Amino acid sequence: MSISHSDNVIYVAPYRPHQATPRVRHIAFSDLTESLRLGWDDFKAMPTHAIMLALIYPVIGVVLARLTLGYSVLPLLFPLAAGFALLGPFAAIGLYELSRRREAGETPRATDALQVLSSPSIGAMLGLGLLLMVLFVVWIATAQAIYVSAFGYEPAVRIPDFLGKILTTRQGWFLILAGCGVGLLFAMLALVLSVVSFPLLLDRHGTVPQAILTSMKVVAENPAVMAAWGLIVAGLLVAGSLPCFVGLAVVIPVLGHATWHLYRKTVEPLPVPYQSEGKAPRAKRFAADFPVNLFPWLKRD
């Protein structure tokens, strides 16, 4: 709490509980299924809104695949699908907003997802999103390097030929093992950094270090459950990516809504809901003081 004086007017700045370090809870595996169920309920209540947001992903996936050094899209389909797990927490911020409003008893509209852009913490969310984007680009570059080390620069043109090389050759099994192993490390890093970071920023308007620290505490408190959540996310994203990324139009919004509910289960709520702080009251000015008010340094104490 801070106190300032201005012309005999005392302004007391309110205590901001949203800046305190959040407390995390221990959860069970059943909380994961409950979060997914609640996410599915949100999706059914707001399917049009979620699909409009999620359709961006198939387009991005195809464009990135086509622009990756001119190679065939086939070797990078799996890395791109797995990479969505890195970007998903940031891209779902609009979905968190819809779930937050529905949780509060509102009936969200499509445009309400865009209200996140006016959040006091939008700068922090963009900064953390940029960090995840860098992580995504590094993962794609690493996956490409692993493929080149196994098969050279020869592009894979047809699906049968590509699958044959992957499943029946020593280089193919090296690619599978190395790619999955390195990808797991990237996924674990993204999970630790962002499992509840964006919902927390949206809910409490904190800082990036605070959000990351809370995510790390959630993972440290629930290592086995969070590992299972990471596997669920990765499995659903891969399954949704198989039919040319079309399935992501359902998988991503459901996971986005479910992540909001997982955040509610893992982080204790504020005792007092966050409210925007008002500005300090301005001192009254009188017409009789004009034009002295234009030159405050001329005023006498």
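Quick notes
Okay, residues lined up against (1) closer than 25 Å to Pro223 by Cα; (2) in a loop (DSSP other than H, G, I, E, B):
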| position | (1), (2) |
| --- | --- |
| Gly105 | no, yes |
| Pro108 | no, yes |
| Gly129 | yes, no |
| Leu132 | yes, no |
| Gln144 | no, no |
| Leu167 | no, no |
| Phe186 | yes, no |
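- With respect to being under 20 Å from Pro269 (Cα atoms), surrounded by 20 or more Cβ atoms within 10 Å (Cβ to Cβ), modelled with pLDDT under 90 and not hydrophobic (A, V, I, L, M, F, W, C), Gly183 falls outside the description.
- Gly206 vs. criteria at pLDDT 85 or above and not in a helix (DSSP H, G or I): yes
- Extreme residue, surrounded by the most Cβ atoms within 10 Å (Cβ to Cβ), among residues of the range 130-162 that are in contact (Cβ under 8 Å) with a residue 60 or more places away in the chain and closer than 16 Å to Ile212 by Cα: Leu132
- Every residue from the range 203-225 that is surrounded by fewer than 23 Cβ atoms within 10 Å (Cβ to Cβ) and among the hydrophobic types (A, V, I, L, M, F, W, C): Val208, Ile212, Leu213, Met216, Val219, Ala220, Ala224, Val225
- If you go through the range 105-116 and keep only what is closer than 16 Å to Phe43 by Cα and either crowded, with 20+ Cβ neighbours inside 10 Å or not basic (Lys, Arg) (or both), you end up with Gly105, Glu106, Thr107, Pro108, Ala110, Thr111, Asp112, Ala113.
- Residue selected from the range 19-37 under the condition in contact with an Asp or Glu (Cβ under 9 Å, 6 or more places away or on another chain) and crowded, with 19+ Cβ neighbours inside 10 Å, by the criterion modelled with the lowest pLDDT: Pro22
- Subset of the range 188-247 [among the acidic types (Asp, Glu) and more than 18 Å from Pro120 (Cβ to Cβ)]: Glu221
- Only one of the numbered conditions (1) surrounded by fewer than 19 Cβ atoms within 10 Å (Cβ to Cβ); (2) within 13 Å of the chain's Cα centre (by Cα) is violated by Phe198, and that is (1).
The values are calculated or read from the model by the stated rules, or taken from the named source; none is laboratory data. On a predicted model such as this, the values are computed, not experimentally measured, just so you know. So basically every Cβ, Gly included, is an ideal-geometry build from the backbone, and we count neighbours across all protein chains shown.
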